[in-house]
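Have a look at the structure below before the remarks.
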Amino acid sequence: MRAKVLGVAVLAGLALGSANAATVVKIATLSPLSGPVANIGEQINLGAKLAVSEKAKYFLDKYGIDLQVSSNDDQATASVGVAAAKKIATDRNVLAIVGTLNSSVVTPVSEAVKSYNLAIVSPANTATTVTDRGLPNMNRICARDDAQGAAGADYLAKTLKVKTVYVVHDKTTYGEGLATEVKKGLEAQGVRVVFEGTDEKSNFAPLVTKVSAINPDAVYYGGLASTGGALFVKQLREAGVKSAYMGGDGLDDSELQKQAGDAAKGVLFTTAAASVDVVPAAKKMEDNFKKTFKKEMLGYGLMSYDAANVVLAGIEKAIKDNKLKKGKAPTRAQVMKAIRGVKVNTLSGTVEFNSVGDRKAGYLYIAKVQDNLDLKVIGQVAVKAPKP
């Protein structure tokens, strides 16, 4: 009899524990945590972690939800990213993904998780094809390459008043797409463009020779600093080429200064990543980032923080829209639908998506490397997503 009473007491305790246990909900991050662009990928991971940690108590107390982050490495490689995404999709506690860094990765990843109703909110993927496909699960809070390309072309043509530009891209989805938009914008303004793609990542001597022969007013590089953009400008300067050097947000990376050294002075780039310089409200977040992770925050740390907060707003909206009881998590389909319909005030401005997942309105920034190798934002351009 005593054994039976003890059993009932244990069962009662277990039942009480189950009633009080929070429901685990995970947000996955997917970004390069190893390889040449790991420093930016880490920013995406840590920015999301900070956002989740700040909202954890609120979700636990109000909704009975235990928020967690699952960090995943895509190595900036499509096949690795797809494999990681499929693994993420098998964890039913994951309701959304923040990522990726590379458009060439997010394109197949978003297709791979579409059937799982797994929403993605990207802080960094700018290629037009990312959202032009109209997937219901793909969203981004950064500006598109057609906006970034136009902004870069306008700066070169109207501010620098160039007549000839040598446009080079790295043959990636991101690099070629951005370079093509710049070419289009320049030619529309009567600027002569020489256009070339290259797989080279270290020895640019043959290309430098071509550029030297033409002596353009500017060189535009569509690609990443860490995999060519930094060494290209270094070798141009070593060869005596003094043309202005500009690129897109792929140059928004400390590897530019590390690899190029003094050759980085004067380099210009457009970026969709807001910085504390132009977003004073982000100062507190930057301080929290440094205190929490003992690292400097870069632009994509801030953008990932915003992207994660958009996901959290979507989860909360799904809970409210579906009148879920405390401790009941929404489904992935409910979250996917809710994210597409949110309107959230973030550090980088109001985030609201159009029917294909583009941010309706936002900003691009033009930055310049100073003589002390620090960055300075020298321009801000308001942009709107094109009609789907």
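The values are calculated or read from the model by the stated rules, or taken from the named source; none is laboratory data. Just so it is clear, the structure is predicted and the values come from calculations on it, not from any experiment. In this analysis, Cβ positions are derived from the backbone assuming ideal geometry, glycine residues included, and neighbour counts consider all displayed protein chains.
Things to note:
- Given (1) modelled with pLDDT of 95 or more; (2) surrounded by 24 or more Cβ atoms within 10 Å (Cβ to Cβ); (3) assigned to a helix (DSSP H, G or I), index of the condition GLY250 fails: (1)
- Residues (in contact with a Lys or Arg (Cβ under 7 Å, 6 or more places away or on another chain) and more than 30 Å from GLY64 (Cβ to Cβ)) located in region 326-371: ASN354, ASP358, ARG359, LYS360, ALA361, ALA367, LYS368, VAL369, GLN370, ASP371
- Answer from SER79, SER53, SER110, SER115 - the residue that is crowded, with 22+ Cβ neighbours inside 10 Å and out of contact with any helix residue (DSSP H, G or I) (no Cβ under 7 Å at 6 or more places or on another chain): SER110
- Strands (runs of 3 or more DSSP E) wholly inside region 306-388 that include at least 2 residues being in contact with an Asp or Glu (Cβ under 6 Å, 6 or more places away or on another chain) and of a type in the set (S, T, N, Q): none
- Taking the listed residues SER212, SER202, the one that is in a helix (DSSP H, G or I), surrounded by fewer than 24 Cβ atoms within 10 Å (Cβ to Cβ) and of a type in the set (Ser, Thr, Tyr) is SER212, with no other qualifying.
- Residue, nearest to LYS210 (Cα to Cα), within region 172-197, restricted to residues that are in contact (Cβ under 8 Å) with a residue 40 or more places away in the chain and among the hydrophobic types (A, V, I, L, M, F, W, C): ALA179
- Some residue of region 294-301 being among the aromatic types (Phe, Trp, Tyr), over 24 Å from GLY247 (Cβ atoms), under 18 Å from the mean Cα position of the chain (by Cα) and not assigned by TED's automatic domain parsing to the domain that holds ALA260: no
- Every condition in (1) closer than 30 Å to VAL233 by Cα; (2) of a type outside the set (Ser, Thr, Tyr); (3) in contact with a strand residue (DSSP E or B) (Cβ under 6 Å, 6 or more places away or on another chain) is met by ASP306 except one, and the failing one is (1).
- Qualifying residue in region 91-102 (condition: modelled with pLDDT of 95 or more and in a helix (DSSP H, G or I)): no
- Answer residue from region 155-213, given it is hydroxyl-bearing (Ser, Thr, Tyr) and more than 24 Å from VAL106 (Cβ to Cβ) and is nearest to the chain's Cα centre (by Cα) among those: TYR155
- Per-region count, region 354-367, residues surrounded by fewer than 22 Cβ atoms within 10 Å (Cβ to Cβ) and either closer than 17 Å to GLY299 by Cα or not charged (D, E, K, R) (or both): 6
- Hey, LYS87 buried (at least 20 other Cβ atoms within 10 Å of the Cβ), modelled with pLDDT of 95 or more, of a type in the set (Lys, Arg) and more than 19 Å from GLN334 (Cβ to Cβ) or not: no
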